[in-house]
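Single-structure report; data block below.
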Amino acid sequence: MAIILIGRGADKRPVAKLNLNNVKLEKVLSIDLDAGRVHWVSSGGKNFLASSNMTACGITVRGDAIRSVVRKYLRGREPKSYVRGKYELWFFVRFLSLITRQLSDRDRAKITGLPRATPGEFITHMSAIDSLCGLTPCPATLRQFLEVNIPPTSTTEERATADAQ
């Protein structure tokens, strides 16, 4: 997030028109379940800068600049206040995928003596929203927004009556 703030001109730096949709986090971060850590991929920083359009805008990022932005803008804040939801979803789906793969691994099951998991469905980044959205109720603010901004459609019965007239 510090790199994104740098790209958006934090501390009077040049501003880039960021394209964060092009960033493929699996080329930037690696999740190590055994160590319980998240690591930078060796070329992750360069990949992030190039895919987000910062390199094309001539913006370079150094470690001391990242640390400075973290200290000034991010330290002491809850990560939920600045981490983009799409990145949280990526991490969650990636974590589920790794756990599922580990729990369904035959060799690991033999070593541990525990039964092997047999998942019925694998959640991907593309299917995550559809798979998970039914588990969460519609927020009241979204419901209110939809009621105000999207007029209700007529029912089938009302349309049939109108057509008959």
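The values are calculated or read from the model by the stated rules, or taken from the named source; none is laboratory data. As the structure is a computational prediction, the values presented were derived from the model and not from experiment. Don't worry about glycine lacking a Cβ; one is built from the backbone with ideal geometry, like all the others, and counts go over all protein chains shown.
Cβ separations smaller than 6 Å between residues 6+ apart or across chains give the following pairs from the range 56-76 residues that are modelled with pLDDT under 95 to residues that are surrounded by 15 or more Cβ atoms within 10 Å (Cβ to Cβ) and in a loop (DSSP other than H, G, I, E, B): 57/16; 59/16.
Contact annotation: residue pairs with Cβ atoms under 7 Å, 6 or more positions apart or on different chains, pairing a residue in the range 107-124 that is part of a loop (DSSP other than H, G, I, E, B) with a partner that is modelled with pLDDT of 85 or more and exposed (fewer than 13 other Cβ atoms within 10 Å of the Cβ), are 116/106.
Among the residues of the range 1-55, those identified as touching a Ser or Thr at 6+ places or on another chain (Cβ under 7 Å), free of Cβ contacts under 8 Å to residues at least 60 places away in the same chain and either over 24 Å from residue 97 (Cβ atoms) or not in a strand (DSSP E or B) (or both) are 7, 18, 19, 22, 23, 24, 41, 49.
Looking only at the range 105-123, count every residue that is farther than 17 Å from residue 85 by Cβ and surrounded by 10 or more Cβ atoms within 10 Å (Cβ to Cβ) and tell me the total.
Step one: of the range 105-123, the residues farther than 17 Å from residue 85 by Cβ are 105-122.
After this cut, where a residue has to be surrounded by 10 or more Cβ atoms within 10 Å (Cβ to Cβ) as well, the list is 105, 108-110, 112, 114, 116-117, 119, 122.
Total satisfying the criteria: 10.
If we scan the range 23-35, do we find a residue that is in the same structural domain as residue 4 (by TED's automatic domain parsing) and farther than 30 Å from residue 121 by Cα? Show your work before the answer.
Step one: list which residues in the range 23-35 are in the same structural domain as residue 4 (by TED's automatic domain parsing), which gives 23-35.
Narrowing further to those that are farther than 30 Å from residue 121 by Cα: none.
So far as the range 23-35 goes, no, none of its residues is in the same structural domain as residue 4 (by TED's automatic domain parsing) and farther than 30 Å from residue 121 by Cα.
Given the criterion more than 25 Å from residue 122 (Cα to Cα), of a type in the set (Ser, Thr, Tyr) and surrounded by fewer than 16 Cβ atoms within 10 Å (Cβ to Cβ), identify the matching residue among 52, 42. Of 52, 42, the one residue that is more than 25 Å from residue 122 (Cα to Cα), of a type in the set (Ser, Thr, Tyr) and surrounded by fewer than 16 Cβ atoms within 10 Å (Cβ to Cβ) is 42. Taking every residue in the range 133-144 that is assigned by TED's automatic domain parsing to the domain that holds residue 89 and pairing it with any residue that is in a loop (DSSP other than H, G, I, E, B), at least 6 positions away or on another chain, yields no pair with a Cβ-Cβ distance below 6 Å.
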